[in-house]
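See structure below.
The values are calculated or read from the model by the stated rules, or taken from the named source; none is laboratory data. Given the structure is predicted, the values throughout are model-derived calculations rather than measurements. Cβ atoms come from the backbone with ideal geometry, glycine included; neighbour counts cover every protein chain shown. Note: areas computed on protein heavy atoms with side chains; ligands, DNA, RNA excluded. Shrake-Rupley method; radii C 1.70, N 1.55, O 1.52, S 1.80 Å.
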Amino acid sequence: LQMAGGETGITNWLINIGKLEVLEFIEPNEGKAIRMFQSVNDRGVPLSKMDIAKSLLIYNSNRFLNGKLDQFIADQFGAAFRDYSHVKGLATEDGYKIRHIDRIVFREDDVFRYHYFCYNPDNYNVNAEFDYTASSETVLETFLKPVLKQLRADRQLLETFIREYVSDLACFFSAFRSLIEEVRTDKALYLIFVVGDLAATLYPLTIRLAMRGDIRTAIDSANGMNLLRLIEIADLRVFKIRGTNPQADILNLSRESAGKPIEEIAEYLRCFVKKFMDDGLFESRLSQENLYRNPGLVRILTAVEEKHSNRPQNNQLNIASLIALVKSGQTVEHILSQEPSFGVKAYGFQSRELYQNYIHRLGNLTLLESVLNSASNNQSVETKMGSKKLYRVSKYQMTKSLAATGASQTPAFSRNEIDRRGADLASFCVNEWPLW
């Protein structure tokens, strides 16, 4: 134990702790306890907005419904908090880390806010403006508090709203927990959440559709299309490769998603993707632009690896092998190094400037385990492809194939190869994440 002032400081701290007095108030009625709590709690550790929402709902139940829903609210919120804790734990485990969730700042308030984005109170005929940029504070101040206040005049309607809203919120948390649990056994979910790191704006819609039980319902059985696939296509094309976040478009759909037919949801998503990233723009960006730092890159290269022609039929990239690759460190490797220690003209580049314009393109990128990537750092492509300790021992078949091809040609890799490979990978992506 270290403290400013050394042993004297510690002694004074202990003396002062001993002088503290604790006041205990015992109130067996939870509704009355909540009202007391609201009156005195204006100092100390800030409460989460979920805590405050629970307090607010129990207060309204106790004050206007004679405590009828007090225990129900407490039980439902208790289940929601437990579901959140489980999600947080699952998403931080090695091999299953979900970057969006595995952050200190991700809290139950985020899920509370996601629920707001896909909850529609229109049936209650209340004046509640929908805010696309709402924080959890906004949900409380501009939605929940005003709605409860408006409904107090009709106690039956107030009871109906509280019961339905709280049930829906708890079910939303439960559906979220189920989704993240399935990440461990469902390859599609693993690719979307762990490898692809689904965009935050798509979480409300994804959870709501999972809650409905429609997320895997076939849209086009001939092409294996379902709503989960459509969400991934929208995520990769628009949020990742295009690099934009059209919140209003997606959150409008999210708010209507509880009752909207799945065919209409699918058509909305199709129009959304076409609006922001049609096939021509998608293919052009993939083949011509720098993608090294793009958040969709690992997901793309993982799909390339999965479909690689040299992968043996009895060694398909199943979820177990995916997890092993993720644990080994899925890193993006530059085939022609970022900082070359060699002349670039021999590789088809007339200048260093032209070389720099090419090195981050899709055609010059592959996947490599983190240890091998570190060992390959800025070495010549001939060394990386020829050494028995680098590309040749990788578990990634596409990287091993690059080494095998490079061994039979001079130079082992060049500007022409970047162009050719980039065009092939771009065409592959258009077919893999299509405008259905």
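Which whole-number percent of Cα pairs in segment 331-408 have a distance greater than 17 Å?
Working: 1218 of 3003 pairs.
Across segment 331-408, Cα pairs with separations above 17 Å total 41 percent.
Report, ordered by chain and residue number, the aspartates and glutamates lying within cross-link reach of LYS389, taken as a straight Cα distance under 18 Å and ignoring same-chain residues fewer than 8 apart.
GLU333, GLU369
Packing-wise, with mean Cβ within 10 Å as the measure, how do 337-350, 153-166 rank, highest first?
The most tightly packed comes first, giving 153-166, 337-350.
Tell me the Kirkwood hydrodynamic radius of the chain in angstroms, computed as one over the mean inverse distance between distinct C-alpha pairs.
About 25.2 Å for the chain.
In whole Hz, what ³J(HN,Hα) sequence does segment 89-102 give by Karplus (6.51, -1.76, 1.60; θ = phi - 60°), x for Gly and Pro?
x, 5, 7, 10, 7, 4, x, 10, 4, 10, 4, 5, 8, 7
To one decimal place, what Kirkwood hydrodynamic radius in Å is obtained for segment 193-325 from all pairs of distinct Cα atoms?
On the way: mean 1/r = 0.0623 Å⁻¹.
Its Kirkwood hydrodynamic radius stands at 16.0 Å.
Applying the Karplus parametrisation 6.51 cos²θ - 1.76 cosθ + 1.60 with θ = phi - 60° to the phi angles of segment 239-247, what ³J(HN,Hα) value in whole Hz is obtained for each residue in order, glycine and proline being reported as x?
3J(HN,Hα) across segment 239-247, in whole Hz: 6, 8, 5, 5, x, 10, 9, x, 4.
What lysines could a cross-link reach from LYS97, if we take a straight Cα to Cα line under 22 Å and drop same-chain neighbours fewer than 8 places away?
List returned: LYS88, LYS187, LYS240, LYS327, LYS395.
Considering the dipole of the chain built from charges on the beta carbon (Lys and Arg +1, Asp and Glu -1) around the Cα centre, which of PHE143, TYR396, LEU336 is farthest to its positive end?
Most positive-ward Cα: LEU336.
Helix 6-18 versus the longest principal axis of the chain: what angle, 0 to 90°, nearest 10, using Cα atoms?
40 degrees
Per residue, how big is the convex hull around the C-alpha atoms of segment 146-235? Give it to me in cubic angstrom, could you?
Measuring per residue, one finds 115 Å³ for the Cα hull of segment 146-235.
Hey, any idea what % of the chain's accessible area is carbon plus sulfur with a 1.4 Å probe?
On the way: 10020 of 20720 Å².
Looking at the chain in its full context, I get 48 percent from C and S.
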